[in-house]
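*Asks:* Okay, handing you the structure first.
The values are calculated or read from the model by the stated rules, or taken from the named source; none is laboratory data. These figures come from a predicted structure and were not determined experimentally. No Cβ is skipped: glycine too gets one built from the backbone with ideal geometry, and neighbour counts run over all protein chains shown.
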Amino acid sequence: MMFNRNNEPIIIKNDEFRKCILFISFPIYDYKEEELKILKDVIFDRSEKYDTKRKLAIACINNYCLSYRSKISFIGNNAFLEFALIYPSVASLKKDVLQNNLLFAREMIFNPYLENGAFSEKLVRESIEMYKESVKNKLKRYDGYCQYKNDLLIDENDYLVSKVFKDLSLLSNVTSERLYNVYKKIISGPPLTFLIGNVDEKKSKELVKEIILDNKISNVKFETDYNVYVKNISNSVEVVRENSEFSTSSVCCNYKVRDMCCYRDRVLLTIVKNLLSSNNSDVLFNYLRNDNDLVYRTNAYTYGFGTLSLISFTGSKNIDMIFELYEKAMNYISDINYIESRLPLFTEKARIDNELDKEELSTILFDYVDKYLGYSNEKYYDVIKSIKPLEVKDFIDNRLVMVSKYIGVGKDYE
């Protein structure tokens, strides 16, 4: 599908909150993972005008800026460089500070702090080392190492585990000059701009257009690749068993969803996960810990592209029994009577969460942005309340396919 719209500023009038949010998003049309991993930690650190942390802090105080942040986000395989800023509304402050905050945003985005025509070499090096250290620290922990190895098993096309995580040498290609050239290319394209809050719609739109867009309205066009779903489902179960350096043994069992194709499937997958492990239904914990005292920890987790993983940490003598109890748990949650008893609880929690979302201006904004981008027109609560117990049972019985197992045998095997 193609996203193809002009970048006229979007003003969303909402007078129920005392704050306003400015959100600016630059689509990233092509990228290398190693560059974005570091760029996200370098951007908006300082600017040409605000070249010290003190000057930045003073500017925020003078502008009544409540907070600002930047990130690189992904919807499926589509990447976006984002800048968001929160400030008080005119009604709450009795003063209009939109213009000053727009000028601050423009300065931070379009005039970054440079040294010798590039990002700070020291900051780039520090960011690279910090990322390397975070990878090493994760792999030093038994749970981090287990998740990494298990995710490798269920991954497709490096969607779950990035190439950079697997090969830190890729970061040797990242330089401050190269990063700045990547950044310049990104911000040279037209951004999508949104402003939500109790604002004067006409005046705000003109200010955003003038200050952020330089009065230039352009077309934003890119191929969308939002929904990435599992494709590779083998007829046999792949088993990876290895001796680990940890004292704790890791036991994982993985399922993929056959014919995964839509948001409704994601909701069904979440229901299954919640039947196994949630406040309203903790079958896994009851079987493995309460009833049999076999594990230190157990949990179930999903990825939206169509996987369910059951994971436990235990002693090596318990491995076979845990797999037996995994099977027992899956059979138990497929019972229609049990589903009928739990599904109303999940639906009620979703209803409460949906009501709470209405009290968060940022949630209202990003729901709007998702719909504007053509990513999602459905809300979790609207979907789950239409799901019947029989559909959940059919999903478990006929669409969840066991695809792999990972066993990391701890040192107690010695």
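*Asks:* Can you find, within region 77-116, the residue that is farthest from Val182 (Cα to Cα) among those that are of a type in the set (Lys, Arg) and over 27 Å from the mean Cα position of the chain (by Cα)?
*Replies:* Here the answer is Lys94.
*Asks:* Let me ask something else about it. Taking only pairs six or more apart or across chains, which ones have beta-carbon atoms under 6 Å, a first residue in region 288-306 that is over 16 Å from Gln147 (Cα atoms), and a second residue that is among the β-branched types (Val, Ile, Thr) and assigned to a strand (DSSP E or B)?
*Replies:* Filtered contacts from region 288-306: Leu288/Val295; Leu288/Thr298; Arg289/Val295; Leu294/Thr314; Val295/Thr314; Gly306/Val257.
*Asks:* Check whether at least one residue in region 190-206 is assigned to a loop (DSSP other than H, G, I, E, B) and touching a Gly at 6+ places or on another chain (Cβ under 9 Å), and report yes or no. Quick ask: steps written out before the conclusion?
*Replies:* Of region 190-206, the ones assigned to a loop (DSSP other than H, G, I, E, B) are 190-191, 198-200.
In the following step, the residues that additionally are touching a Gly at 6+ places or on another chain (Cβ under 9 Å) were identified as none.
No, every residue in region 190-206 fails to be assigned to a loop (DSSP other than H, G, I, E, B) and touching a Gly at 6+ places or on another chain (Cβ under 9 Å).
*Asks:* What are the residues in region 114-162 that are part of a loop (DSSP other than H, G, I, E, B) and among the β-branched types (Val, Ile, Thr), if any? Full working, then the answer.
*Replies:* The first filter runs over region 114-162 and keeps only residues part of a loop (DSSP other than H, G, I, E, B), leaving 114, 116-117, 119-120, 141, 155-162.
Residue satisfying the conditions is Val161 alone.
*Asks:* List the residue pairs whose Cβ atoms are under 7 Å apart, where the first residue sits in region 389-414 and is under 24 Å from Asn243 (Cβ atoms) and among the polar types (S, T, N, Q), the second is in a helix (DSSP H, G or I) and at pLDDT 95 or above, and the two are 6 or more positions apart or on different chains.
*Replies:* Listed by first residue and then by second, the contacts come to Ser404/Leu153; Ser404/Ile154.
The rows are residues; the columns are (1) among the small types (Gly, Ala, Ser); (2) crowded, with 19+ Cβ neighbours inside 10 Å; (3) at pLDDT 95 or above; (4) outside the structural domain of Leu373 (by TED's automatic domain parsing).
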position: Lys13; (1), (2), (3), (4): no, no, yes, yes
position: Arg18; (1), (2), (3), (4): no, no, yes, yes
position: Ile21; (1), (2), (3), (4): no, yes, yes, yes
position: Ile24; (1), (2), (3), (4): no, yes, yes, yes
position: Asp30; (1), (2), (3), (4): no, no, no, yes
position: Ile38; (1), (2), (3), (4): no, yes, yes, yes
position: Asn62; (1), (2), (3), (4): no, no, yes, yes
position: Gly76; (1), (2), (3), (4): yes, no, no, yes
